Amino acid sequence: MHNFSEVLSAAGLVPAELEGGDLPVHSPIDGSLIATLKTSRPEDMESVIAKADTAFRQWRTVPPPRRGELVRLLGEELRAAKDELAAVVTLEAGKIRSEGLGEVQEMIDICDFAVGLSRQLYGLTIASERPGHRMMETWHPMGPCAIITAFNFPVAVWAWNAALALVCGDPVIWKPSEKTPLTAVATMKIMQRALARFGDAPAGLAQLVIGDHRVGDALVSSPAVAIVSATGSCRMGAAVGPKVAARFGRSILELGGNNAMIVAPSADLDMAVRAIVFSAVGTAGQRCTTLRRLIVHQSIRDHLVERLQNTYQSLPIGNPLDEGTLVGPLIDHRALDAMQQALQQAQLEGGLIIGGQRRTDGVPDGGCYAEPAIVQIPAQSAIVKTETFAPILYLMTYESLDEAITMQNDVPQGLSSCIFTQNLREAEQFLSASGSDCGIANVNIGPSGAEIGGAFGGEKETGGGRESGSDAWKAYMRRQTNTVNYSADLPLAQGVKFDV
Ligand code: UN1
């Protein structure tokens, strides 16, 4: 039996701060109550935002490579605390050990990326049409950045945003999911150690607020919060996006996905099966990149279904702390209910279901464990177009690649996608302008488990935001166009004459 309180104390969470509050925190492993945390009220946000604003005025003047030093220290502290933080991720979000460790590694990776970036916040030099003039772009800090995160990546998504924002000169205010506040508290302790070693960072540079949607709303609605980066459901994004837009703030939205894999006749099926299983059942189907739709060429359907069925039957489902478990619990009873309801609906829409039962044998009592499901369904009906945050894989067939790509794109969400094929023409067509309409499109790799080096996010109801690598940093800065006249004349652009 694993000792939960040991996991918490190893991460520096002391009993005094785990008790006496109004927010109950349960472990999805067995449903037990592991803390009652104190929460902030919406009216507290004014002083939180004011502190961030004061910090901004100082932090924006710190040279970016020096700002990068703070993020370098954060990466070092995360390396030192990797095991302990990963264990809290497992305890609170129910991820298996390897995925908990992978999540902390993702934090370390983005810190390394951001440190390099701190010397590369490049702007362009632009050819001026006027003699004796020079044009350039300068990237400046924006202001406080609110980071609203979901339970399924309770710490990595904060790091994607915070590492970039801090290097870009923006203070951060983190509102984690109410389902996973302990991982946030543990992360902030690591951040505090980095800040202490850094020495002269302004107070209020990295804040944490725990509370319900009203706390989030106060951040979203404040004109002093320059950027709102929100990760979660399309429903949440539909509430947040318009509020930020109404005050002309900037939002970075990373919302739902409905990710598909096309399996072509030439696919290496050994690889495809491994990719399918990892991306459909990993994190118990609760990644925004989870594989939810399999679009299989009809000539290989029966063979692939048989192979998947065999693999699904022997999946180790159970306590995520145990070595060898691959499928841990769903986050809570509501998630389990939503899974069962989706399966019932799928049946009404003509689906043939394999698996999907609640699992109570051989798993800890009180947790919400389920067998991952495969649903063979004749068409992309309403339930297939809905993101259910659970391990349900809908399987449809196709005859021509055009038809498969049309199906892949025919959902409201646009996060991640992939094709398994050994045919170059098919692969390139899938990646072309008339191929996948998603923010992420892969060949011979599943849709989940992206590296931090690329920009992460997607189109349509996924929200359009980009986080993490590539030039996603530009969303955390304001662009300034500068024209400098070093001549002794004042020529006007476009040849306009205006002599006075
Ligand atoms: C998420 O589910 O919100 O690509 C993020 C992946 C991870 C990140 C997922 N690197 O699956």
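Rounding to the nearest 20 debye, state how big the charge dipole of the stretch 318-473 is about its Cα centre with +1 on each Lys and Arg Cβ and -1 on each Asp and Glu Cβ.
For the stretch 318-473, the charge dipole is close to 160 debye.
How many nm is it between the label spots at residue 128 and residue 425, if each spot is 7 Å from the Cα in line with the beta carbon?
The answer from the label model is 5.3 nm.
What does the C-alpha gyration tensor say about the overall shape of the stretch 1-114? Classify as rounded when a/c is under 1.5, otherwise prolate if a/b is larger than b/c, or oblate.
It comes out oblate by the Cα gyration axes.
Return the sequence-ordered ³J(HN,Hα) values of the stretch 295-305 in whole Hz as given by the Karplus equation 6.51 cos²θ - 1.76 cosθ + 1.60 applied to θ = phi - 60°, using x for Gly and Pro.
Couplings: 10, 10, 4, 4, 5, 10, 3, 4, 5, 5, 4 Hz.
Amide H neighbours of residue 172 under 5 Å, at least 5 residues apart or on other chains, H built in the peptide plane: list them.
Counting only residues 5 or more places away or on other chains, the set is 145, 206, 207.
Pick out, from 328, 424, 160, the residue whose Cα sits farthest towards the positive end of the charge dipole of the chain, with +1 on the Cβ of Lys and Arg and -1 on the Cβ of Asp and Glu.
Ranked along the dipole, the leading option is 160.
Sorting check: for 355-362, 333-340, which peptide has the highest mean count of neighbouring beta carbons within 10 Å, and how do the rest follow?
The most tightly packed comes first, giving 333-340, 355-362.
Tell me, what HN-Hα J-couplings in whole Hz come from the Karplus equation 6.51 cos²θ - 1.76 cosθ + 1.60 at θ = phi - 60° for each residue of the stretch 425-435, using x for Gly and Pro?
Per-residue couplings from phi come out as 4, 5, 4, 5, 5, 5, 8, 7, 4, 9, x Hz.
How far, in nm, would the chain grow between residue 353 and residue 341 when pulled straight, counting 0.36 nm per residue and subtracting the alpha carbon separation?
Going from the current span to full extension adds 3.0 nm.
Where does each of 288-294, 345-351 land if you order them by average Cβ count within 10 Å, highest first?
Ranked from most to least packed, the peptides come out as 288-294, 345-351.
How would the stretch 243-398 be classified by its alpha-carbon gyration tensor: rounded, prolate or oblate, with rounded meaning a/c under 1.5 and the a/b versus b/c comparison settling the rest?
Because a/c hits 1.5 or more and a/b fails to exceed b/c, the stretch 243-398 counts as oblate.
Along each of the three principal axes of the Cα atoms of the stretch 412-453, give the extent in whole Å, ordering the values from largest to smallest.
Principal-axis extents of the stretch 412-453 (Cα, largest first): 27, 21, 17 Å.
Take every DSSP beta bridge whose two residues both sit in the stretch 320-455, then give the antiparallel share in percent to the nearest 5.
Percentage antiparallel, nearest 5: 45.
What are the ³J(HN,Hα) couplings of the stretch 340-346, residue after residue, when phi is run through the Karplus curve with 6.51, -1.76, 1.60 and θ = phi - 60°? Round to Hz, x for glycine and proline.
5, 5, 5, 5, 4, 5, 4
Let me know the Kirkwood hydrodynamic radius for the stretch 435-485, please, with Cα pairs as the basis and the value in Å to one decimal.
13.0 Å
Under a 5 Å amide H to amide H cut-off, with H placed in plane at 1.01 Å, what residues pair with residue 395 once short-range neighbours are removed?
Amide H neighbours of residue 395, under 5 Å, 5+ apart: 294, 375, 376, 377.
Return one number: the angle in degrees, 0 to 90 and rounded to the nearest 10, between the long axis of the Cα atoms of helix 269-281 and the longest principal axis of the Cα atoms of the chain.
Helix 269-281 and the main axis of the chain meet at about 70 degrees.
Measure of size requested: the Rg and Dmax of the chain, with Cα atoms as the atom set and Å as the unit; please supply both.
Here Rg and the maximum Cα pair distance are 24.3, 89 Å.
Could you tell me which of rounded, prolate or oblate describes the stretch 280-320, using a ≥ b ≥ c as the square roots of the eigenvalues of the alpha-carbon gyration tensor, with rounded for a/c under 1.5 and, failing that, prolate when a/b is larger than b/c and oblate otherwise?
Oblate.
For the chain, take the longest principal axis of its alpha carbons; what is the angle in degrees between that and the long axis of helix 97-117, to the nearest 10 within 0 to 90?
20 degrees
Write down the percent of antiparallel bridges among all DSSP beta bridges whose residues are both part of the chain, to the nearest 5.
Percent antiparallel among DSSP bridges in the chain is about 40.
On a 18 Å Cα-Cα criterion, which of the cross-link pairs 385/460; 51/175; 95/179; 82/189; 82/175; 38/175 come out too long?
Listed pairs above 18 Å: 82/175.
Three principal axis extents, largest first, for the C-alpha atoms of the stretch 140-188, in Å?
Principal axes ranked by extent give 35, 16, 14 Å for the Cα atoms.
Could you work out how far helix 156-167 tilts from the main Cα principal axis of the chain, as a 0 to 90 degree angle to the nearest 10?
The answer is roughly 10 degrees.
Enumerate the aspartates and glutamates that residue 497 could reach by cross-link, defined here as Cα to Cα under 19 Å, with residues fewer than 8 away along the same chain left out.
129, 489
For residue 291, which sequence-distant residues (separation of 5 or more, or a different chain) have an amide H within less than 5 Å of its own amide H, given hydrogens modelled in the peptide plane?
Here the answer is 280, since their amide H atoms fall under 5 Å of that of residue 291.
Values in this text are rule-based calculations from the coordinates and carry no lab data. Treat the numbers as computed from the prediction; the structure is a model and nothing was measured. With ideal geometry, Cβ positions are generated from the backbone for all residues, glycine too; neighbour counts draw on all protein chains shown.
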